[in-house]
1. I'd like to verify a number: residues in segment 121-142 that are within 16 Å of F76 (Cα to Cα) and surrounded by 18 or more Cβ atoms within 10 Å (Cβ to Cβ), how many?
2. Name, by its number, the condition in (1) of a type outside the set (A, V, I, L, M); (2) in contact (Cβ under 8 Å) with a residue 12 or more places away in the chain; (3) touching an Asp or Glu at 6+ places or on another chain (Cβ under 9 Å) that does not hold for T120.
3. Which fully enclosed strands (runs of 3 or more DSSP E) of segment 121-200 have 2 or more residues being among the polar types (S, T, N, Q)?
4. Within the set of pairs 6 or more residues apart or between chains, which connect a residue that is surrounded by fewer than 16 Cβ atoms within 10 Å (Cβ to Cβ) inside segment 88-104 to a residue that is of a type in the set (D, E) with Cβ atoms less than 7 Å apart?
5. Does I148 satisfy the condition of being open to solvent by 40 Å² or more (accessible area, probe 1.4 Å), without any contact (Cβ under 8 Å) to a residue 60 or more places away in the chain and aliphatic (A, V, I, L, M)?
6. Which of the numbered conditions does Y304 fail, given that it passes all the others? Conditions: (1) open to solvent by less than 60 Å² (accessible area, probe 1.4 Å); (2) outside any helix (DSSP H, G or I); (3) not hydrophobic (A, V, I, L, M, F, W, C).
7. Could you tell me which residue of segment 267-281 is modelled with the lowest pLDDT, considering only residues that are surrounded by fewer than 16 Cβ atoms within 10 Å (Cβ to Cβ) and on the phi < 0 side of the Ramachandran plot?
8. Among E116, E157, which is modelled with pLDDT under 95 and farther than 28 Å from W252 by Cα?
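The values are calculated or read from the model by the stated rules, or taken from the named source; none is laboratory data. A quick note: this is a predicted structure, and the numbers were derived from the prediction, not measured. Counting neighbours? That spans all protein chains shown, and the Cβs are built from the backbone with ideal geometry, glycine included. Accessible surface is based on the protein model in full, side chains and every heavy atom, while ligands, DNA and RNA are left aside. Shrake-Rupley method; radii C 1.70, N 1.55, O 1.52, S 1.80 Å.
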Amino acid sequence: MMIISKSLLRVLSHSMRPASIVNRLQEKATSLFSGVSGASTAPKLREVIDTLRNINFRYDYPQGLTEEQKRGMKRFDVFRYDPINSSDPPHFVSYYIDLNDCGPMFLDALIKIKDEIDPTLTFRRSCREGICGSCSMNIDGRHNLACISAIPKNNLEKSFIAPLTSMNILRDLVVDMTNFYNQYKVIQPYLKRKTPKDTQEKEYYQSIEDRAKIDGLYECVLCLSCSSSCPSYWWHANEYLGPAIMQQAFRWVIDSRDEYRDERLEMLGGDMKLDECFQVGVCSLACPKGLDPRRSNEELQELYKEYKEKKARETSTIQI
């Protein structure tokens, strides 16, 4: 989702007033699009500006409430958008809910809206216990799981609910996570062994100390709250795996039962752009489970550095 500030809109509007500027920009756009296969005409610049104006558009859903009734209710501004419907630009719809007749979490409010007010609202949900990661979204400016994000008590100020930042929107609060899941498959998130298990063994032994190393890693629910908050992931999500996947990769690299540590590090240091993590730390602030993907990525980078130095020593030759 892209939110355009009013000040930016004023700058854009002011810059487009002279007809000569508009004409020159349209001529430039036409020349650019002329080289694109299948592109016959360039988009009209004024139509682009009009679309930008409507991005922050908001209206009250017709609930039949008086202004006095609204003042005693909590207002939820919910992002609505259907990419298939070209006549329906991104906008916010305000719903008013009596908190005395609603559950304590933001997911309870969304369910109430869908069940009792507007059945067209679309969002993901499943466990309602912060385990599945389905209901991750932007709540009052911060990525969170709606099922464990409490509605502020004794506060009737408006709250806004939007999709995860920088993600392609399928509809309303539902984002496309196909690329994310494909990236998860790349790291092969399962135990890999080179030595076969003895016929007498039922499970692979792991000491208490080794087991403790994966605490704070296995609890990840793959909700994408951290990755969609990461600037590096915004810039090239198709190349950089992002903090969530990197943390899961680290979980398998340090698992004492796994025997493909070097192979995993080799893969992560190649086209996966491990060094694209600049330790900003927004990912850790965004994690609704209280995990620390920034630190995990830092330790993973150190492990790769050690592996790279070890590999260089092994491949070096002595010249006489």
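1. Qualifying residue count for the region: 5.
2. (2)
3. Details: elements: 136-139, 142-145, 159-162, 169-171.
Where strands (runs of 3 or more DSSP E) fall fully within segment 121-200 and carry at least 2 residues being among the polar types (S, T, N, Q), they are 136-139.
4. Qualifying pairs under 7 Å: D88/D82.
5. Values: open to solvent by 40 Å² or more (accessible area, probe 1.4 Å): yes; without any contact (Cβ under 8 Å) to a residue 60 or more places away in the chain: no; aliphatic (A, V, I, L, M): yes.
Spelling it out, it is not the case that I148 is open to solvent by 40 Å² or more (accessible area, probe 1.4 Å), without any contact (Cβ under 8 Å) to a residue 60 or more places away in the chain and aliphatic (A, V, I, L, M).
6. With respect to (1) open to solvent by less than 60 Å² (accessible area, probe 1.4 Å); (2) outside any helix (DSSP H, G or I); (3) not hydrophobic (A, V, I, L, M, F, W, C), Y304 is out only on (2).
7. The qualifying residue modelled with the lowest pLDDT is D271.
8. E157
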